[in-house]
Amino acid sequence: MDRRALNRATLARQFLLARADLSVPTTVEHLVGLQGQAPDAPYVGLWSRLDGFTPDQLAGPLQARELVRTSAMRATVHLMTARDALRVRPLVEPVLERALRSGSPFGKRLVADGVDLAELAEAGERLLASRPHSRRELADALVRTWPDADRDSLSYGVSYLVPSVQVPPRGVWGQSGPPALVSLRSWLGAPTPGTVDDLVLRYLGAFGPATVADIRTWSGLTGLGEVVDRLRPKLWHDGTLLDLPDAPRPGRDTPAPVRFLPEYDNVLLSHADRSRVNPDGRRVPLPPGNGARRGTVFVDGDYRADWRIDSGGVLSVEPFAPLSRAERDDVTAEGLDLLTFVSPEAHHDVVIA
């Protein structure tokens, strides 16, 4: 398969070739979570993927604990179904601990301050099982045991080591609040770990066709070569590419409509070779804020522009290269629809740089 064929296949799995008529929990579970560092970002991600999506369709299940915001793949915050949080998080816990120990400045400070990470995890689990804690409250409690340790490193270390959930109103459309963490077990119950085999198959269903390196980049897991060898008899494969036999692989000339995605969307981050959607290798932006005000634009299936909404309701689109007249018209039409979703009461205008 060439790059364009890979592009269309991936966009089809991501519901970015045509909006799907599915419930929000079903969609989130098919995608094995949505990136959610910015709490409002998944709303734009789902608006671009689902027909007739409204904010209440996400806010309601989040408040009912059908959906949760938790650290998962790549040690980043994801919106996941409750079922996936209980079965996927145990599989990636070694990845988060490894990220803290070897890649995070918080972990390095904790080691330098003489903090035993196992003891920190136990203390954090006890605190987060009792009630939700803000990071400040968590640090205030932990410094009583480790008075000489860095406060931020203590609280963020617990985020890596203890399966936890950021509770509402964080992540509820139209509401705000600092992150407040509670233990995953106390919020949802005992974990029910899935299998790595199943996780690999689900990744291919949402992001394939893919290589072993792609799966490793998305999950952070090691030892995947053995898993793929075990699964290979039931997979479609084309050289190094692997896929589910019955997964959609539309033709390379299938039209790809303009799509506005939030900052740091999963489709831009989940492959070792990201050229299938980002042929220029551009850095994926993660601007500050709650999300739903800035992001990326796909034109003809590729990351071709950035977008932002100012306080006056003007949507500015900045392409990396000139767009054709037809592409500008399509970007403007989709941009006006996005403004209607994000700021229905504001004056709407789309400006293409």
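The values are calculated or read from the model by the stated rules, or taken from the named source; none is laboratory data. If you're wondering where the values come from, they're calculated on a predicted model, not measured in any experiment. No Cβ is skipped: glycine too gets one built from the backbone with ideal geometry, and neighbour counts run over all protein chains shown.
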Could you list, ordered by first residue, the pairs with Cβ atoms under 9 Å in which the first is in segment 282-296 and more than 16 Å from GLY313 (Cβ to Cβ) and the second is among the β-branched types (Val, Ile, Thr) and surrounded by fewer than 21 Cβ atoms within 10 Å (Cβ to Cβ), at least 6 apart or interchain? THR296/VAL284
Of all residues in segment 108-121 being aliphatic (A, V, I, L, M) and free of Cβ contacts under 8 Å to residues at least 24 places away in the same chain, which is surrounded by the fewest Cβ atoms within 10 Å (Cβ to Cβ)? ALA118
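Within segment 8-63, track down each residue that is among the polar types (S, T, N, Q), free of Cβ contacts under 8 Å to residues at least 40 places away in the same chain and more than 19 Å from PRO169 (Cα to Cα).
Applying the first criterion (among the polar types (S, T, N, Q)) to segment 8-63 yields 10, 14, 23, 26-27, 35, 37, 48, 54, 57, 63.
Subsequent filtering for residues that are free of Cβ contacts under 8 Å to residues at least 40 places away in the same chain retains 23, 26-27, 54, 57.
Across segment 8-63, the qualifying residues are SER23, THR26, THR27.
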How many of the residues in segment 1-36 are modelled with pLDDT under 95 and under 18 Å from VAL342 (Cα atoms)? 1
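Tally up the residues in segment 163-184 that are part of a loop (DSSP other than H, G, I, E, B) and touching a strand residue (DSSP E or B) at 6+ places or on another chain (Cβ under 6 Å), please. Step through it out loud before you land on a result.
At the first step, the residues of segment 163-184 found to be part of a loop (DSSP other than H, G, I, E, B) are 163, 167-179.
Next cut, touching a strand residue (DSSP E or B) at 6+ places or on another chain (Cβ under 6 Å) only: 167, 171, 178-179.
Total meeting the criteria: 4.
Pick from ARG69, ARG65, ARG87, ARG83: which is surrounded by fewer than 19 Cβ atoms within 10 Å (Cβ to Cβ), touching a Gly at 6+ places or on another chain (Cβ under 7 Å) and not small (Gly, Ala, Ser)?
On the way: ARG69 fails: surrounded by fewer than 19 Cβ atoms within 10 Å (Cβ to Cβ); ARG65 fails: touching a Gly at 6+ places or on another chain (Cβ under 7 Å); ARG83 fails: touching a Gly at 6+ places or on another chain (Cβ under 7 Å).
Just a single option satisfies the conditions, and that option is ARG87.
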Filter segment 320-353 down to residues that are without any contact (Cβ under 8 Å) to a residue 24 or more places away in the chain and part of a loop (DSSP other than H, G, I, E, B) and give me whichever is farthest from PHE298 (Cα to Cα). GLU345
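I'm checking my understanding of the structure. Among residues of segment 34-54 that are polar (S, T, N, Q) and more than 14 Å from THR76 (Cα to Cα), which one is nearest to the chain's Cα centre (by Cα)? Break it down stepwise before answering.
We begin by selecting, within segment 34-54, every residue polar (S, T, N, Q); these are 35, 37, 48, 54.
Among the residues that remain, those that are also more than 14 Å from THR76 (Cα to Cα) are: 48, 54.
Numbers: SER48: 14, THR54: 19 Å.
Checking each candidate, the answer is SER48.
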Scan segment 16-72 residue by residue and report those that are touching a His at 6+ places or on another chain (Cβ under 8 Å) and of a type in the set (S, T, N, Q). GLN35, THR70, SER71
Requiring at least 2 residues that are out of contact with any Lys or Arg (no Cβ under 6 Å at 6 or more places or on another chain), in the same structural domain as ALA72 (by TED's automatic domain parsing) and under 27 Å from GLU66 (Cβ atoms), the helices (runs of 4 or more DSSP H) wholly within segment 87-157 are 117-130, 135-142
If you go through segment 15-29, how many residues are more than 18 Å from ARG304 (Cα to Cα) and outside any helix (DSSP H, G or I)? 7
Single residue of segment 210-267 satisfying the filter (in a loop (DSSP other than H, G, I, E, B), at pLDDT 95 or above and touching a Ser or Thr at 6+ places or on another chain (Cβ under 8 Å)) that is surrounded by the most Cβ atoms within 10 Å (Cβ to Cβ): ASP265
Residue hits (segment 185-200; surrounded by fewer than 17 Cβ atoms within 10 Å (Cβ to Cβ), assigned to a helix (DSSP H, G or I) and touching a residue at least 12 places away in the same chain (Cβ under 8 Å)) are SER186, ASP197
Please specify each residue of segment 122-131 satisfying the condition of being farther than 15 Å from ARG151 by Cα and surrounded by 16 or more Cβ atoms within 10 Å (Cβ to Cβ). GLU125, LEU127, LEU128
With the first residue restricted to segment 148-172 and required to be of a type in the set (Ser, Thr, Tyr), and the second required to be crowded, with 24+ Cβ neighbours inside 10 Å and not in a helix (DSSP H, G or I), Cβ contacts under 6 Å at 6 or more apart or on different chains are SER164/LEU181
